[in-house]
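S.K.: Questions regarding the structure given below will be posed in turn.
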Amino acid sequence: MQTESAALMPIPGHIDPVPVPREFKPRADGRIDLLGLSKADLRMALETAQLEPKQAKLRAKQLWHWIYNRGVTEFALMTDISKAMQPWLEQRFVISRPEVVEAQVSTDGTRKWLLRSDDGQDYEMVFIPDADRGTLCVSSQVGCTLNCRFCHTGTMRLVRNLLPGEIVGQVMLARDALGEWPSQPEGRMLTNIVMMGMGEPLYNFDNVRDALKLVMDGDGLALSKRRITLSTSGVVPMMARAGEEIGVNLAVSLHAVTKEVRDEIVPLNRKYGIEELLQACADYPGANNARRITFEYVMLKDKNDSDDEARELVRLIRKYQLPAKVNLIPFNPWPGAPYECSTPERIRAFSSILFESGYSAPVRTPRGRDIDAACGQLKTASEKKSRAELDRQAEEKQAALG
């Protein structure tokens, strides 16, 4: 008679993995969206649609090239796929783009898009052109689960996570708008990506990771991980995984150097404190002087901008031996905001203390303020809220976080 322990013993020797068809969620029109699928899932989608495996492997390779290297959304334009196969693909699949509800251009050239998903949810992305680079600020969630008090997005409720296709779709849409197909590594206007739009990327880890792997794939969009920065408010348990599984640059929304002030303006600090956060930064895989961690620090008048706080920031960076630079961000006001921006003189004094201590501390020039596209201003429904209502909503979010 076989004992229970013997029955649970694994079979020795090599076992070939058996691919199990995954469930592909169809759109309202019954078709499967291929945007956002990995190479393996793209092939599996074709096999699930009853394409013979060898044929599916070939077609998946062709489709990948057309989608991510050429930016094509119509099967009829894929010249190396037979005219007989094109209608078969058209009936079963689609290569989407986010719906553009509104596109705005700032006087400084910054572009902001209000996008809408298939289920009617709105989110935003921003493109910031500079002389030597072009940066796309990408959203990871509809709304935000956090409630950073200086951030307009933080006054929104979290609706849902964005899917890989909706995240990479923002990059594809920007490339469409800039006319940057076929994909090529040189001469691009869109040179950098920052995961600094709506949402906390590390609370949507799997989808953000899968989307960025598509962006970095050398056969497609081919954007180097050195040109991608993921920003977090300090979700400490996920930071090491981000370094290991994604490997992009890390930015941390620090914004304060004392528990009292950071608890107020970045309430996640009550769960993962400054010391714990900085230790996670010290342990971040791949961080070195060539790939420094960026600390984002919004300048709030009489709240976090004193000389003593600048010196404490220097002390903390040295204590944890961090390869770091500090981006000083003038506060961008929004209706109902509980703070004011530090004066230019105070910002310069704060920056000087950091520079004199050997740390890069540039002051970020606000971009896109006239279209509410500046840092901390993204919000799809810009209703005004009272201070009391913001306090109540912040308490509700904090209670939900535990």
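The values are calculated or read from the model by the stated rules, or taken from the named source; none is laboratory data. Owing to the predicted nature of the structure, the values given are computational and were not obtained by experimental measurement. A quick note on method: Cβ atoms are made from the backbone with ideal geometry, for glycine too, and the neighbour counts reach across all protein chains shown. With ligands, DNA and RNA removed, areas are computed over all heavy atoms of the protein, side chains included. Shrake-Rupley method; radii C 1.70, N 1.55, O 1.52, S 1.80 Å.
S.K.: Based on what the data block shows, is GLU260 open to solvent by 10 Å² or more (accessible area, probe 1.4 Å), at pLDDT 95 or above and either farther than 21 Å from ASN147 by Cβ or part of a strand (DSSP E or B) (or both)? Full working, then the answer.
M.R.: On the way: open to solvent by 10 Å² or more (accessible area, probe 1.4 Å): yes; at pLDDT 95 or above: yes; either farther than 21 Å from ASN147 by Cβ or part of a strand (DSSP E or B) (or both): no.
When the stated conditions are applied, GLU260 does not pass them.
S.K.: Please verify whether the stretch 293-309 includes one or more residues that are part of a helix (DSSP H, G or I) and buried (at least 19 other Cβ atoms within 10 Å of the Cβ).
M.R.: Let us first name the residues in the stretch 293-309 that are part of a helix (DSSP H, G or I), namely 307-309.
Filter once more, so that each one left must be buried (at least 19 other Cβ atoms within 10 Å of the Cβ): none.
So far as the stretch 293-309 goes, no, none of its residues is part of a helix (DSSP H, G or I) and buried (at least 19 other Cβ atoms within 10 Å of the Cβ).
S.K.: Right, next: Can you tell which of ARG226, ARG175, ARG188, ARG160 is open to solvent by less than 30 Å² (accessible area, probe 1.4 Å) and in contact (Cβ under 8 Å) with a residue 12 or more places away in the chain?
M.R.: Numbers: ARG226 fails: open to solvent by less than 30 Å² (accessible area, probe 1.4 Å); ARG188 fails: open to solvent by less than 30 Å² (accessible area, probe 1.4 Å); ARG160 fails: open to solvent by less than 30 Å² (accessible area, probe 1.4 Å).
After applying the criteria, what remains is ARG175.
S.K.: Write out, first by first residue and then by second, each pair whose Cβ atoms fall under 8 Å of each other, whose residues are 6+ apart or on separate chains, and whose first residue, in the stretch 63-75, is charged (D, E, K, R) while the second is at pLDDT 95 or above and not in a helix (DSSP H, G or I).
M.R.: GLU74/ILE95
S.K.: Spot the failing condition for ASP130; the list is (1) modelled with pLDDT under 95; (2) closer than 30 Å to GLU264 by Cβ, and only one is missed.
M.R.: (2)
S.K.: Can you go through SER82, SER96, SER38 and tell me which one is of a type outside the set (Asp, Glu), without any contact (Cβ under 8 Å) to a residue 60 or more places away in the chain and open to solvent by 10 Å² or more (accessible area, probe 1.4 Å)?
M.R.: Being of a type outside the set (Asp, Glu), without any contact (Cβ under 8 Å) to a residue 60 or more places away in the chain and open to solvent by 10 Å² or more (accessible area, probe 1.4 Å) holds for just one of SER82, SER96, SER38, which is SER82.
S.K.: A further question follows. Condition first: aromatic (Phe, Trp, Tyr) and either open to solvent by 10 Å² or more (accessible area, probe 1.4 Å) or free of Cβ contacts under 8 Å to residues at least 40 places away in the same chain (or both). Now tell me which residues in the stretch 115-157 satisfy that. Explain how you work it out, then say what you get.
M.R.: First pass over the stretch 115-157, keeping only residues aromatic (Phe, Trp, Tyr): 123, 127, 150.
The answer is PHE150, and nothing else.
S.K.: So how many residues does the stretch 49-79 have that are of a type in the set (S, T, N, Q) and open to solvent by 80 Å² or more (accessible area, probe 1.4 Å)? It would help to see each step written out before you state the result.
M.R.: Taking the stretch 49-79 as the starting set, the residues that turn out to be of a type in the set (S, T, N, Q) are 50, 55, 62, 69, 73, 79.
Keeping just the survivors that are open to solvent by 80 Å² or more (accessible area, probe 1.4 Å) gives 50, 79.
Total meeting the criteria: 2.
S.K.: Taking the stretch 269-291 on its own, how many of its residues are touching a residue at least 40 places away in the same chain (Cβ under 8 Å), part of a loop (DSSP other than H, G, I, E, B) and either hydroxyl-bearing (Ser, Thr, Tyr) or more than 27 Å from GLU340 (Cα to Cα) (or both)? Working first, answer last.
M.R.: If we filter the stretch 269-291 for residues that are touching a residue at least 40 places away in the same chain (Cβ under 8 Å), which is where we start, we get 270-271, 274, 276-287, 291.
Going one step further and asking which of them are part of a loop (DSSP other than H, G, I, E, B), we end up with 271, 283-287.
Still in the list and also either hydroxyl-bearing (Ser, Thr, Tyr) or more than 27 Å from GLU340 (Cα to Cα) (or both): 283-287.
Within the stretch 269-291, residues that are touching a residue at least 40 places away in the same chain (Cβ under 8 Å), part of a loop (DSSP other than H, G, I, E, B) and either hydroxyl-bearing (Ser, Thr, Tyr) or more than 27 Å from GLU340 (Cα to Cα) (or both) number 5.
S.K.: Taking the conditions exactly as written (among the acidic types (Asp, Glu) and in a strand (DSSP E or B)), does GLU90 satisfy them or not?
M.R.: Details: among the acidic types (Asp, Glu): yes; in a strand (DSSP E or B): no.
So GLU90 does not fit the description; no.
S.K.: Moving to a separate point now. Go through the stretch 116-148 and give me each residue that's within 23 Å of GLY165 (Cβ to Cβ), among the hydrophobic types (A, V, I, L, M, F, W, C) and assigned to a strand (DSSP E or B).
M.R.: Filtering the stretch 116-148 for residues within 23 Å of GLY165 (Cβ to Cβ) gives 116-127, 134-145.
Adding the requirement that they be among the hydrophobic types (A, V, I, L, M, F, W, C) leaves 125-127, 136-138, 142, 144.
Those that are within 23 Å of GLY165 (Cβ to Cβ), among the hydrophobic types (A, V, I, L, M, F, W, C) and assigned to a strand (DSSP E or B): MET125, VAL126, PHE127, LEU136, CYS137, VAL142.
S.K.: Let me ask something additional. Taking MET238 as the residue in question, decide whether it is within 16 Å of GLY286 (Cα to Cα), open to solvent by less than 60 Å² (accessible area, probe 1.4 Å) and not in a strand (DSSP E or B).
M.R.: Details: within 16 Å of GLY286 (Cα to Cα): yes; open to solvent by less than 60 Å² (accessible area, probe 1.4 Å): yes; not in a strand (DSSP E or B): yes.
Answer is yes for this residue.
S.K.: Hey, GLY143 hits all of (1) more than 16 Å from the chain's Cα centre (by Cα); (2) on the phi > 0 side of the Ramachandran plot but one; which does it fall short on?
M.R.: (1)
S.K.: Sticking with this structure for a sec: So which residues in the stretch 158-192 are of a type in the set (Gly, Ala, Ser) and within 19 Å of LEU77 (Cβ to Cβ), if there are any at all?
M.R.: Filtering the stretch 158-192 for residues of a type in the set (Gly, Ala, Ser) gives 165, 169, 174, 177, 179, 183, 187.
Result: GLY169, ALA177, GLY179, SER183.
S.K.: Contact list please: Cβ distance under 6 Å, first residue in the stretch 309-328 and under 17 Å from PRO362 (Cα atoms), second residue open to solvent by 50 Å² or more (accessible area, probe 1.4 Å) and assigned to a strand (DSSP E or B), pairs at least six apart or on different chains.
M.R.: Close Cβ pairs (under 6 Å, with a partner that is open to solvent by 50 Å² or more (accessible area, probe 1.4 Å) and assigned to a strand (DSSP E or B)) amount to PRO323/ASN288; LEU328/VAL363.
S.K.: If a residue must be aromatic (Phe, Trp, Tyr), closer than 13 Å to GLU312 by Cα and out of contact with any strand residue (DSSP E or B) (no Cβ under 8 Å at 6 or more places or on another chain), how many such residues does the stretch 344-358 contain? Break it down stepwise before answering.
M.R.: Our first condition is that a residue be aromatic (Phe, Trp, Tyr); within the stretch 344-358, this holds for 350, 355.
From the residues that got through so far, the ones that are closer than 13 Å to GLU312 by Cα too are 350.
From what is left, the residues that are out of contact with any strand residue (DSSP E or B) (no Cβ under 8 Å at 6 or more places or on another chain) are none.
So the answer is 0.
S.K.: Within the bounds of the stretch 139-158, is there any residue that is out of contact with any Leu (no Cβ under 8 Å at 6 or more places or on another chain) and either within 17 Å of GLY36 (Cβ to Cβ) or β-branched (Val, Ile, Thr) (or both)?
M.R.: no
S.K.: Follow-up. For residues that are within 30 Å of LYS259 (Cβ to Cβ) and open to solvent by 40 Å² or more (accessible area, probe 1.4 Å), tally how many sit in the stretch 191-223.
M.R.: So the answer is 2.
S.K.: How many residues does the stretch 272-301 hold that are farther than 20 Å from SER351 by Cβ and either touching a Lys or Arg at 6+ places or on another chain (Cβ under 7 Å) or at pLDDT below 95 (or both)?
M.R.: Count: 9.
S.K.: Could I ask something else about it? Answer yes or no: is there a residue in the stretch 198-214 that is among the hydroxyl-bearing types (Ser, Thr, Tyr) and either under 12 Å from the mean Cα position of the chain (by Cα) or not in a strand (DSSP E or B) (or both).
M.R.: The first filter runs over the stretch 198-214 and keeps only residues among the hydroxyl-bearing types (Ser, Thr, Tyr), leaving 203.
Now drop any that are not either under 12 Å from the mean Cα position of the chain (by Cα) or not in a strand (DSSP E or B) (or both), which leaves 203.
The answer is yes, given that some residue of the stretch 198-214 is among the hydroxyl-bearing types (Ser, Thr, Tyr) and either under 12 Å from the mean Cα position of the chain (by Cα) or not in a strand (DSSP E or B) (or both).
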